[in-house]
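Have a look at the structure below, then the notes.
The values are calculated or read from the model by the stated rules, or taken from the named source; none is laboratory data. Values in this document were obtained by computation on a predicted structure and should not be read as measured data. Here the Cβ positions follow ideal geometry from the backbone for every residue, glycine too, while neighbour counts run over all protein chains shown.
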Ligand code: PAF
């Protein structure tokens, strides 16, 4: 496995691969790799000959007061995990490689960035769109693989790729979960024991709404109420958003659902006196579909 730090060097390696007929997959990450990321690498290996994992904690997607400084950085373990998972290449840029001094160019997916996570984190998706564009330009992949846990991010990247005409297939990989259903996330490392005990409330909320939907409930407010009741059982959990939206456009769902609908949820566990844990915000989602049976 090779480690490449320079954009031009990565582009040259990609050109060599393409000239030799090898398909390239890119797995963009911010490091702190867990089994969820390794599932992305496994999917990338199924779809390409060369798997490039990028590891870069992108400062522009963190707002003021967010966890940029505290974001977990576990480079040695990440490199070992990439090697073990069969990655061919790790792209490890520093800030100057991706944001040369004086850089002024940003990429903005205007509408898809507004609701859900974008409402509370106004600069976040501009940072994501900008860095993902730079990573696609640098790695020149045929396929780029992302997790479905960050559903809004995935929708936005699909739109970015379409709008800018990148010749790359965007692949979403289903969320990996702990045995109790908690979605794997680098931010789970911030949870203290009390928060961790309550965190499965997110998946239980999704299950409750999905159960009601499977039983025939189509009223938007009733489905949201079923999910909200599960979060209410977790005394320290505060709903940041709980919404039903169109999975493609992210437009609000109608009062009666008609067709596949995204249920998206963000929950905050505020810092408490006596615990070293700070505020932790977790997200999860489920697409409610008509059952096939
Ligand atoms: O999902 C992430 O880890 C990041 O948002 C991404 C796509 C690597 C961009 O920094």
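Here are the numbers for the structure shown:
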| read-out | value |
| --- | --- |
| Qualifying positions in segment 86-116 - part of a helix (DSSP H, G or I), surrounded by fewer than 18 Cβ atoms within 10 Å (Cβ to Cβ) and in contact (Cβ under 8 Å) with a residue 24 or more places away in the chain | 95 |
| Lone unmet requirement of (1) without any contact (Cβ under 8 Å) to a residue 40 or more places away in the chain; (2) in a strand (DSSP E or B); (3) out of contact with any helix residue (DSSP H, G or I) (no Cβ under 6 Å at 6 or more places or on another chain) for residue 254 | (2) |
| Yes/no for residue 231 being within 23 Å of residue 193 (Cβ to Cβ), out of contact with any helix residue (DSSP H, G or I) (no Cβ under 6 Å at 6 or more places or on another chain), at pLDDT 95 or above and not in a loop (DSSP other than H, G, I, E, B) | no |
| Segment 26-66, residues that are away from the ligand (no atom under 13 Å from the Cβ), more than 26 Å from residue 179 (Cα to Cα) and in contact with a strand residue (DSSP E or B) (Cβ under 9 Å, 6 or more places away or on another chain) | 47, 48, 49, 50, 51 |
| Residue in segment 104-114 that is in contact with a strand residue (DSSP E or B) (Cβ under 9 Å, 6 or more places away or on another chain) and within 13 Å of the ligand (Cβ to nearest atom) present | no |
| Single condition residue 190 does not satisfy, out of (1) more than 25 Å from residue 253 (Cα to Cα); (2) over 16 Å from the mean Cα position of the chain (by Cα); (3) modelled with pLDDT of 95 or more | (3) |
